[in-house]
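*Asks:* This is the structure I want to talk about, given as structure tokens.
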Amino acid sequence: FLMLYYLFLLLSGVAIALTGSWITWVGAVFGFALTFFLSDLSNLKTLSQIRLVRLIGLAVPVVLVALVAVISVIPPLGAAKNPLYTQAKNLPREVQLPFVPSWKISISAFRDSPFWGTGPATYAFGFTNYKPVEFNSLKVWNLRFDSSFNEYLQTLATLGGFGLLALLSLAALFISAASPVILSAAKDLSRLRDTSNETTTHNNQLALAVSGLTFFIILALHPSSLPLWIIGILILASFMVISREDRDRLSGNRTGLNDLKDRVLRIAGFSVSDSTETIKMDALPGVLRTISLALVLFAFFFGGKITLADYHHRLALNAVVQNQGLVTYNQLIAAEKLNPVNDLYRTDLAQVNFALANAIASAK
């Protein structure tokens, strides 16, 4: 499996080097640096005990990614050709709204709708209504943004104070749970070389803690997307599950789960000691499992439609660059049908309709 890990590291690093912005670089460097600091490679005393194959397998992807990153930002000299530089310049990059206009727009939206905000996926309307006057002096004055500088400012504008409080509470809860795991690993690096089941669980918990912190750092530097939230929620949920199992193993039993079950059963009016009611009590987990499965399938169904709509929207943007008006129109129609509540799809479709109408009217 080590070769697969090194291969994934190389592919991810090259993709970030060619297409990533400074936000992805900050997240990648933070995650790699923290992982390196918590590994045996940062300890000179144990470095000689590491196999040469592992050192070479890690050094090769790191050196190649650094080489690709350096070459992709150096322009060719004279008549020389630099295909990596050309490829990096031709790849599409997202334009991010600056911090100061984003702050003013979010604060203005919060002023008018302090509790619930303007609603999900309404930042494009908030941008049009609240953008400051000095925005017209920026290089991006002719662009309209549907997302803020970061996820926290976007949540403040679209979901109001309650939404921002919920997001900050989630971040504080995870950081308070992940910090002891990282600090304990930093104090005792020798545990990472152990191969017991307990240490393996601890290493998985440590990896999820680093990934979760990287997730919240990216949210502080860039607005989120649906794939980012799906991956982030899976990381947070996995970390909480492993942390709960670790606490139960240390306590020697699962009294917390049993106590919770007993409380739910007492509220439902069942007696734990009654053997006739035990048959009915055993059905409760099955009912809850069925409801949870139905909710998960419901979320995956609509999440898949939203993701597919974003895919058609991306195809439409690519067609705009290639000056293919009909393809752009059809792709936007498909995106709007899959997600009709997204304001960005409707706005882009209206602009394409106007452009096509003007082209038809000016044709001889």
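The values are calculated or read from the model by the stated rules, or taken from the named source; none is laboratory data. A quick note: this is a predicted structure, and the numbers were derived from the prediction, not measured. Every residue, glycine as well, gets a Cβ built from its backbone with ideal geometry; the counts of neighbours run over all protein chains shown. For accessibility, only protein heavy atoms count, side chains too; no ligands or nucleic acids. Shrake-Rupley method; radii C 1.70, N 1.55, O 1.52, S 1.80 Å.
*Asks:* Would you check if there is a residue in region 329-336 being within 22 Å of LEU91 (Cα to Cα), at pLDDT 90 or above and surrounded by 14 or more Cβ atoms within 10 Å (Cβ to Cβ)? Can you show your working first?
*Replies:* Restricting attention to region 329-336, the residues satisfying the condition of being within 22 Å of LEU91 (Cα to Cα) are 331-332.
Add one more test, that the residue is at pLDDT 90 or above, and what stays is 331-332.
Okay, now just the ones that are also surrounded by 14 or more Cβ atoms within 10 Å (Cβ to Cβ), so 331-332.
Scanning region 329-336, I find at least one residue that is within 22 Å of LEU91 (Cα to Cα), at pLDDT 90 or above and surrounded by 14 or more Cβ atoms within 10 Å (Cβ to Cβ), so the answer is yes.
*Asks:* Tell me the residue from ASN342, ASN353, ASN358 that is free of Cβ contacts under 8 Å to residues at least 12 places away in the same chain and not charged (D, E, K, R), please. Step through it out loud before you land on a result.
*Replies:* Details: ASN342 fails: free of Cβ contacts under 8 Å to residues at least 12 places away in the same chain; ASN353 fails: free of Cβ contacts under 8 Å to residues at least 12 places away in the same chain.
So the residue among ASN342, ASN353, ASN358 that is free of Cβ contacts under 8 Å to residues at least 12 places away in the same chain and not charged (D, E, K, R) is ASN358.
*Asks:* Now a separate question. Looking at region 75-114, which of its residues are out of contact with any helix residue (DSSP H, G or I) (no Cβ under 8 Å at 6 or more places or on another chain) and basic (Lys, Arg)?
*Replies:* Hits for region 75-114 are LYS81, LYS89, ARG111.
*Asks:* Among the residues of region 305-319, are any at pLDDT below 85 and part of a helix (DSSP H, G or I)? First the steps, then the outcome.
*Replies:* Within region 305-319, the first condition is being at pLDDT below 85, and the residues that meet it are none.
Checking region 305-319: not a single residue is at pLDDT below 85 and part of a helix (DSSP H, G or I).
*Asks:* Now for a different question. Restricting to region 87-119, and then to whatever is modelled with pLDDT under 90 and among the basic types (Lys, Arg), can you tell me which residue is least open to solvent (accessible area, probe 1.4 Å)?
*Replies:* ARG93
*Asks:* If you take the residues of region 139-165 that are of a type in the set (A, V, I, L, M) and open to solvent by 60 Å² or more (accessible area, probe 1.4 Å), which of them is nearest to ALA220 (Cα to Cα)? Quick ask: steps written out before the conclusion?
*Replies:* Initially, region 139-165 is screened for residues of a type in the set (A, V, I, L, M), giving 140, 143, 153, 156-157, 159, 164-165.
Those left that are additionally open to solvent by 60 Å² or more (accessible area, probe 1.4 Å): 143, 159, 165.
Details: LEU143: 23, LEU159: 16, LEU165: 14 Å.
Checking each candidate, the answer is LEU165.
*Asks:* Specify the residue that is farthest from ILE218 (Cα to Cα); the eligible residues are those in region 22-33 that are at pLDDT below 80 and more than 15 Å from the chain's Cα centre (by Cα).
*Replies:* For region 22-33, the residue satisfying everything is PHE32.
*Asks:* Need the failing condition index for VAL341 against (1) surrounded by 14 or more Cβ atoms within 10 Å (Cβ to Cβ); (2) β-branched (Val, Ile, Thr); (3) at pLDDT below 85, just the number.
*Replies:* Of the numbered conditions (1) surrounded by 14 or more Cβ atoms within 10 Å (Cβ to Cβ); (2) β-branched (Val, Ile, Thr); (3) at pLDDT below 85, the odd one out for VAL341 is (1).
*Asks:* Considering region 340-364 alone, what residues qualify as being of a type in the set (Phe, Trp, Tyr) and under 33 Å from the mean Cα position of the chain (by Cα)? Before you say what the answer is, go through the steps one by one.
*Replies:* From region 340-364, those of a type in the set (Phe, Trp, Tyr) are 345, 354; that's our starting set.
The one that is of a type in the set (Phe, Trp, Tyr) and under 33 Å from the mean Cα position of the chain (by Cα): TYR345.
*Asks:* Taking the residues in region 303-318 that are open to solvent by less than 40 Å² (accessible area, probe 1.4 Å) and of a type in the set (A, V, I, L, M, F, W, C) as candidates, determine which candidate is nearest to ILE230 (Cα to Cα).
*Replies:* In this case the residue turns out to be ALA309.
*Asks:* Exposed (fewer than 12 other Cβ atoms within 10 Å of the Cβ), at pLDDT below 85 and not small (Gly, Ala, Ser), is that true of PRO75? Working first, answer last.
*Replies:* Numbers: exposed (fewer than 12 other Cβ atoms within 10 Å of the Cβ): yes; at pLDDT below 85: yes; not small (Gly, Ala, Ser): yes.
So PRO75 fits the description; yes.
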